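Everything below concerns the one structure shown next.
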């Protein structure tokens, strides 16, 4: 009976190995570049200055219809968790006020960043939010970005 010859596997030559290595490295670099590009594409134009989550309630103290919603949308774009939007207890607030309900890092910084003229603490152990932002008659002076400014009523 005749025996079949078994073909021996050829080992790649050193030049072939180097070429394969270079191609694999190039593919890895391309994949990383695409991943970074996609990440940058998704995050372009977004302002997220606050790394910690701040939970707010936004109250309309002006009587101007829809102003609390407009402010809340601008805050959400700044990575602020807006828990609720309602009217304030009255509509004659001259200045916007940020009221701390719980100790939360970044509240005073938030107040400065958005141009809120008043800050006070009324800490409550059972508070559902970190702070309350009451929008006052100075709402046009709040620093919430171009999109906010363009969406304000005339």
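Nothing in this text is a laboratory measurement; each read-out follows from the coordinates by a stated rule. Small disclaimer: the values here were computed from a predicted structure and weren't measured. Here the Cβ is made from the backbone with ideal geometry for all residues, glycine too, and neighbour counts use every protein chain on show.
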inquiry  = Using a Debye calculation, one point per C-alpha and no hydration shell, please list log10 I(q)/I(0) for the range 97-154 at q = 0.22, 0.23 Å⁻¹ in order.
reply    = -0.85, -0.90
ask   = In what sequence, highest mean first, do 97-109, 79-91, 57-69 appear when ranked by Cβ atoms within 10 angstrom?
value = 57-69, 97-109, 79-91
